Amino acid sequence: MAPRRPARDDAGVQLAKRLGLDVLYLIPGLPLGILAFTVVVTGWSLALGLLITLIGLPVAMLTIYVSRGLADLERHRAALVLGEPIPRPYREPASGRFWDRLKALFADTATWKDLAHHLLFLPLGIATFTVAVVGWGTALGLLTEPLWYWAIPFGAGQSQDLGLFHVDSTGKAFLAMGLGVLAVPVAAALCRGAAAGSATLAAVLLGPGRQELEERVETLQSTRADAVDVAAGELQRIERD
């Protein structure tokens, strides 16, 4: 029987995986934020500008559908941090008629919560992207400073400016590496906080609210009651037979 790996090793692997998922979640935030912001601002501006014509309403509907697609992407992307995708909160139309479908789009609070998320996504994406790139870039740059000092030749009186001090000797290069060791947990904590905050905001804005959850519970209770009634009726029929 193969010996079981120590729990400390398992914890280290889980921590490394967690940090990797955080970075994988944060880095695409900037381009996706630009995309979402551009789509909703352009779409709604065009729809409102054409509202007096027959074109404005279809443009608004198309914008909502595209916005929901981007929101679905974020719901699945949030699983990198939350462990599972965010449930879709949209209401189903009462029927297939155009008016009911239109009402389901514009009267659904989830439509406007999607819009709020997409508008906030750009500044949030800029902030989280900066945290991830600057945090880990600084830590890795300091950790590899001896390699940089060795690989880049400096002339007499020249040095590398790190802001806090100038690296003009091997000793200072290793001092920078020591600072890099201290910068790693700081970068990890910043990325963990940024990822958790961004994913939590996505869960609040893109997930079902209290009203949607109550409606789902009522629907499940009604479905369960119908199933119990059908089962009871079938049992009575069998007993009669």
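Summary of computed values
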quantity: Heavy atoms of Y65 accessible to a 1.4 Å probe, total area in Å² rounded to 10; calculated: 110 Å²
quantity: Principal axis dimensions, largest first and in whole angstrom, of the range 1-102 by Cα; calculated: 73, 33, 15
quantity: Solvent-accessible ranking of F98, F106, largest area first, probe 1.4 Å; calculated: F98, F106
quantity: Contact order relative to length of the range 29-150, as percent, for alpha carbon pairs under 8 angstrom and 6 or more apart; calculated: 35 percent
quantity: Calculated FRET value between L62 and L24, using beta carbons and R₀ = 30 Å, to 0.05; calculated: 0.45
quantity: The range 60-184 shape via C-alpha gyration tensor axes, a/c threshold 1.5; calculated: prolate
quantity: Accessible-area ranking of W150, W99, W112, W44, largest first, probe 1.4 Å; calculated: W150, W99, W112, W44
quantity: Full-extension gain in nm, D10 to L46, via 0.36 nm per residue minus C-alpha separation; calculated: 7.7 nm
quantity: Check: the range 42-176 dipole with +1 on Lys, Arg Cβ and -1 on Asp, Glu Cβ, in debye; calculated: 600 debye
quantity: K103 accessible area, 1.4 Å probe, all protein chains in place, Å² to nearest 10; calculated: 130 Å²
quantity: Heavy-atom accessible surface of the range 39-160: percent carbon and sulfur, 1.4 Å; calculated: 73 percent
quantity: Environment charge of V39, counting only residues whose C-beta is closer than 15 Å and scoring Lys/Arg +1, Asp/Glu -1; calculated: -2
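The values are calculated or read from the model by the stated rules, or taken from the named source; none is laboratory data. As the structure is a computational prediction, the values presented were derived from the model and not from experiment. Glycine also receives a Cβ, built like all others from the backbone with ideal geometry; neighbour counts cover every protein chain displayed. For accessibility, only protein heavy atoms count, side chains too; no ligands or nucleic acids. Shrake-Rupley method; radii C 1.70, N 1.55, O 1.52, S 1.80 Å.
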